[in-house]
1. Do you know which residues across region 11-51 are more than 25 Å from Leu89 (Cβ to Cβ), out of contact with any helix residue (DSSP H, G or I) (no Cβ under 9 Å at 6 or more places or on another chain) and of a type in the set (D, E, K, R)?
2. List, please: which pairs have Cβ atoms under 9 Å, are six or more places apart or on different chains, and start with a residue in region 79-90 that is farther than 13 Å from Leu167 by Cα and touching a residue at least 24 places away in the same chain (Cβ under 8 Å) and end with one that is of a type in the set (Phe, Trp, Tyr) and assigned to a helix (DSSP H, G or I)?
3. Given (1) open to solvent by less than 40 Å² (accessible area, probe 1.4 Å); (2) farther than 17 Å from His262 by Cβ; (3) in contact with a Gly (Cβ under 8 Å, 6 or more places away or on another chain), where does Ser146 come up short, assuming only one miss?
4. Listed residues Ile67, Ile63; which is buried (at least 22 other Cβ atoms within 10 Å of the Cβ), among the β-branched types (Val, Ile, Thr) and farther than 17 Å from Arg185 by Cβ?
5. Restricting to region 308-317, and then to whatever is out of contact with any Lys or Arg (no Cβ under 8 Å at 6 or more places or on another chain) and within 15 Å of Pro239 (Cα to Cα), can you tell me which residue is surrounded by the most Cβ atoms within 10 Å (Cβ to Cβ)?
6. Is there any pair with a first residue in region 116-128 that is over 24 Å from Ile23 (Cα atoms) and among the hydroxyl-bearing types (Ser, Thr, Tyr) and a second that is open to solvent by less than 40 Å² (accessible area, probe 1.4 Å) and in a loop (DSSP other than H, G, I, E, B) whose Cβ atoms are under 9 Å apart and which are 6 or more apart or on different chains, and what are they?
7. Residues that are open to solvent by less than 30 Å² (accessible area, probe 1.4 Å), out of contact with any strand residue (DSSP E or B) (no Cβ under 6 Å at 6 or more places or on another chain), closer than 25 Å to Asp31 by Cα and among the β-branched types (Val, Ile, Thr): does region 109-126 have at least one?
8. Looking at Ala263, Ala252, can you tell me which residue is of a type in the set (A, V, I, L, M, F, W, C), open to solvent by 50 Å² or more (accessible area, probe 1.4 Å) and touching a helix residue (DSSP H, G or I) at 6+ places or on another chain (Cβ under 8 Å)?
Amino acid sequence: MDAMELLDPFVRMLDDVASSDAIRTLESGKDIGSVWPGIVQSGYLDALVDEASGGAGLSLAEIAPLIGALGAHALPLPVADTMVARALLAQAGVSAPEGPIVLAPALAQPLVGVLLADHALVDTGDALILSPIAALNPQVTGVHGSLAGWLSGDPQGPVLERPAGGLRPIAAVLRALLMAGAAERLTAMSATYANDRVQFGKPIGRQQALQQMLAVMAEDMVACRIAAQLGASHWPLVPATLAATAKITTSAAAIRIAASAHAVHGAIGISADHDLQLLTRRLHEWRLSDGSEGYWSAVLGEARLNDPASTVDWVRTAIFA
């Protein structure tokens, strides 16, 4: 199936149900009623589910542009998590709940979108458990506009077989794809603003320093896209080395991209009425979720040190095979 056949209608759907005003409504009232039904009716939630189970039977690589579109809309709902969770549940023969499902690789850190989810697919280290969020005592983080939260207690519900490597590599790749999408939109917004904003009789985009900043943003944006696509190249088992590569690249670039976007836009970018801060706040949240670049650098470094092959051979087999 051609990627644009999937992406174009998906983006149109998101434009309708996940506008900037809708995102602000989610952040203020946490009511998903105006957004979630449209996503459910689109049928995209079962994109990863096998055809035999009523889904589209697509791979993570094939839906990577869709997850990028979610990031470009700064959508805090765990839509990508739900896609993965529904595929894992279908594979195990467990009926999926109707509401959003958040992936919980561990309960020792805040989970993005948890305050909007009905269930959590919890990785206990031995198995996966589909638990109602209400049974896990969700707590807010206190961060402005954040819909991430802490979970605690003992998960209760159907038990699934744990995939090799657990949920963390899969979740890390999802965050990388979301960041790549957000990075693309931020770069486009910054370039447009630089060309439209006139100061002293000419667009600020003609200033050499600003052109250099935008060029570096574009480089980071492309690097994010390539790394995230690499991370999504294996499904359903995501190697930790690929997850690490994707998450390190996108998380490290997220800091620079957010800073450059705000530098180009000036003070207006942090105002509540401007859409820029919706994206940059989400970008920082996804960067820290499911392991920052520091965590995944340690994972990647340990994997390299434990292999006797030369570095070039190791990169070829562990990253690009």
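The values are calculated or read from the model by the stated rules, or taken from the named source; none is laboratory data. Since this is a predicted model, take the numbers as computed values, not measurements. Please note: Cβ atoms are built from the backbone with ideal geometry, for glycine as well, and neighbour counts cover all protein chains shown. To get the accessible areas, we keep the full protein, side chains included, count just its heavy atoms, and leave off ligands, DNA and RNA. Shrake-Rupley method; radii C 1.70, N 1.55, O 1.52, S 1.80 Å.
1. Listed by number, the residues that qualify are Arg12, Asp15, Asp21.
2. Close Cβ pairs satisfying both conditions: Val79/Trp36; Val79/Tyr44; Met83/Tyr44.
3. Of (1) open to solvent by less than 40 Å² (accessible area, probe 1.4 Å); (2) farther than 17 Å from His262 by Cβ; (3) in contact with a Gly (Cβ under 8 Å, 6 or more places away or on another chain), only one is false for Ser146: (3).
4. Working: Ile67 fails: farther than 17 Å from Arg185 by Cβ.
Result: Ile63 is the single residue among Ile67, Ile63 that is buried (at least 22 other Cβ atoms within 10 Å of the Cβ), among the β-branched types (Val, Ile, Thr) and farther than 17 Å from Arg185 by Cβ.
5. Going residue by residue through region 308-317, those that are out of contact with any Lys or Arg (no Cβ under 8 Å at 6 or more places or on another chain) are 308-310, 312-313, 315-317.
Imposing the further condition that a residue be within 15 Å of Pro239 (Cα to Cα) reduces the set to 315-317.
Working: Val315: 15, Arg316: 12, Thr317: 12.
For region 308-317, the residue satisfying everything is Val315.
6. Thr124/Pro155
7. Our first condition is that a residue be open to solvent by less than 30 Å² (accessible area, probe 1.4 Å); within region 109-126, this holds for 111-114, 116-117, 120-123.
Still in the list and also out of contact with any strand residue (DSSP E or B) (no Cβ under 6 Å at 6 or more places or on another chain): 112, 116, 123.
Going one step further and asking which of them are closer than 25 Å to Asp31 by Cα, we end up with 112, 116.
Okay, now just the ones that are also among the β-branched types (Val, Ile, Thr), so 112.
Within region 109-126, one or more residues are open to solvent by less than 30 Å² (accessible area, probe 1.4 Å), out of contact with any strand residue (DSSP E or B) (no Cβ under 6 Å at 6 or more places or on another chain), closer than 25 Å to Asp31 by Cα and among the β-branched types (Val, Ile, Thr).
8. On the way: Ala252 fails: open to solvent by 50 Å² or more (accessible area, probe 1.4 Å).
After applying the criteria, what remains is Ala263.
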